[in-house]
Structure formats: C-alpha cells, structure tokens
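Below is one structure; the comments refer to it alone.
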Amino acid sequence: MKKAYVEADIRNDYSKLTKLLIERKLSITTMESATSGQIASLITDTEGASAIMKGAFVTYCNEAKIMQGVPKEIMDEYTVYSRETAEAMARACTRAYEANIGIGVTGTMGNVDPVNADASVPGQVYFAIDMDGDVQSYYIELEPQPTRLAYKLAVAKEVFDELIKKL
C-alpha cells in the first residue's frame, strides 16, 4: 500500500516540531544532500525558529560534504549513499554549529545520479539523527513520487517521524 505524504500535514508537523524545540531550548542543524535544504526550510517556516536553528548546510555534491567535515574515506569505503555517510553528515553539522540535534540526509530521489551512478538507486534514502552525541541512522525506500518536491517532503516526513519519537 502506497504511503501518502500530504504537504499541508508535513508543514503542520514541522511547525509543531519547531515550537517544541523552542519550548525545550534545543538547537538543531541539518546537512542535507537529497533534500537540498527542505528540512531546514520547514523548520524555519515557523516564527521564532531563529531561537533554535543554528544554521544548515546543503551539500549536494561530494566535495561539499568533505568541505563541511564528512571524511572522504567514509564515502570512498561505503559510498555517498550509505548509513555511514548520513551519520558522518549528522555528526559534522552538529559539531560545526554546536547544536543539540543534527540531521544528515543522503540518497537518490527519482533518478540515477550520473556522478555516483554505481551507488545510486532511485528512492533509496539514508538519514541520521545526532542528539547530543548519540547518532542513530535510518534507511527508507520511497515509492516513486510525482515531483522532486514530493520526494523531499516524503523524506522530511520520515525524518520528522523518527525525530519526534526521540523528543
């Protein structure tokens, strides 16, 4: 059965998340590749987000990930699309911004990545959440989505569902 991702519901979830983080005085940051900043955008759509959003990285290419602290050796050994890379992304952004929570996202949306063709499988996404040094990674397989935005929102929903459990 196909999972439904409703944009209005996802935006509402992130509004609640941002308010909860403000209430708990927990800072957050992201390093996003596949979602290209969508999660950071959803967090900052709520008034007052500057109290908790330290900053974010959009690291669409491998070089950008390396520049922001993801060890090249991890991507060489496990590929850019892996739990290990997502975990390194979460750790790197958390460290860079000294945040309580860091989210790393890497994966392939609806097409094969021509730069990383051997490692890229459409719909496979890895993400990790670093909460005060405790890093947990996740793997999802998305069914085909109608648009790039729909893929990004689907991943954002999956990230939200896991993060809210931790809070």
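The values are calculated or read from the model by the stated rules, or taken from the named source; none is laboratory data. Remember, it's a predicted structure, so these values are computed and weren't measured experimentally. In this analysis, Cβ positions are derived from the backbone assuming ideal geometry, glycine residues included, and neighbour counts consider all displayed protein chains.
Condition check: in contact (Cβ under 8 Å) with a residue 12 or more places away in the chain, among the hydroxyl-bearing types (Ser, Thr, Tyr) and not in a strand (DSSP E or B). Does THR106 satisfy that?
no
So that you can scan it fast, the table gives a plain yes or no per residue for (1) of a type in the set (D, E, K, R); (2) within 22 Å of LYS165 (Cα to Cα):
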{"residue": "ILE66", "(1), (2)": "no, no"}
{"residue": "MET75", "(1), (2)": "no, no"}
{"residue": "GLU84", "(1), (2)": "yes, yes"}
{"residue": "ALA88", "(1), (2)": "no, yes"}
{"residue": "ARG91", "(1), (2)": "yes, yes"}
{"residue": "ALA99", "(1), (2)": "no, yes"}
{"residue": "ILE103", "(1), (2)": "no, yes"}
{"residue": "ALA128", "(1), (2)": "no, yes"}
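Please work out which residue is surrounded by the fewest Cβ atoms within 10 Å (Cβ to Cβ), limiting yourself to the range 95-110 and to residues that are of a type in the set (Val, Ile, Thr) and in contact with a Ser or Thr (Cβ under 6 Å, 6 or more places away or on another chain).
Taking the candidates together, the pick is THR108.
For the range 7-38, name all the residues that are among the hydroxyl-bearing types (Ser, Thr, Tyr) and farther than 25 Å from ALA96 by Cβ.
Step one: list which residues in the range 7-38 are among the hydroxyl-bearing types (Ser, Thr, Tyr), which gives 14-15, 18, 27, 29-30, 33, 35-36.
SER15 - this is the single residue of the range 7-38 that is among the hydroxyl-bearing types (Ser, Thr, Tyr) and farther than 25 Å from ALA96 by Cβ.
When the residues of the range 64-94 are filtered to those that are part of a loop (DSSP other than H, G, I, E, B) and touching a residue at least 40 places away in the same chain (Cβ under 8 Å), which remaining residue is surrounded by the most Cβ atoms within 10 Å (Cβ to Cβ)?
If we take residues in the range 64-94 being part of a loop (DSSP other than H, G, I, E, B) and touching a residue at least 40 places away in the same chain (Cβ under 8 Å), then VAL80 is surrounded by the most Cβ atoms within 10 Å (Cβ to Cβ).
Looking only at the range 8-26, how many residues end up being surrounded by fewer than 19 Cβ atoms within 10 Å (Cβ to Cβ) and among the polar types (S, T, N, Q)?
Matching residues across the range 8-26 total 2.
Would you be able to tell me the number of residues in the range 75-116 that are in contact with a Lys or Arg (Cβ under 9 Å, 6 or more places away or on another chain) and not hydroxyl-bearing (Ser, Thr, Tyr)?
Residues meeting the conditions: 15.
Which one of SER50, SER36 is at pLDDT 95 or above and either crowded, with 19+ Cβ neighbours inside 10 Å or part of a helix (DSSP H, G or I) (or both)? Walk me through it before giving the result.
Working: SER36 fails: either crowded, with 19+ Cβ neighbours inside 10 Å or part of a helix (DSSP H, G or I) (or both).
Step by step, each of SER50, SER36 is checked, and only SER50 is at pLDDT 95 or above and either crowded, with 19+ Cβ neighbours inside 10 Å or part of a helix (DSSP H, G or I) (or both).
Six or more apart or on different chains, Cβ under 7 Å: which pairs go from a residue in the range 41-61 that's on the phi < 0 side of the Ramachandran plot to one that's assigned to a loop (DSSP other than H, G, I, E, B) and of a type in the set (S, T, N, Q)? Could you list them?
That search, which allows pairs on different chains as well, returns ILE52/SER27; LYS54/SER27; PHE57/GLN68; VAL58/SER36; THR59/SER33; THR59/GLN68; TYR60/SER33; TYR60/SER36.
I'd like the residue in the range 128-167 that is out of contact with any Asp or Glu (no Cβ under 7 Å at 6 or more places or on another chain) and part of a strand (DSSP E or B) and, out of all such residues, is modelled with the lowest pLDDT.
Filtering the range 128-167 for residues that are out of contact with any Asp or Glu (no Cβ under 7 Å at 6 or more places or on another chain) and part of a strand (DSSP E or B), the one modelled with the lowest pLDDT comes out as GLU141.
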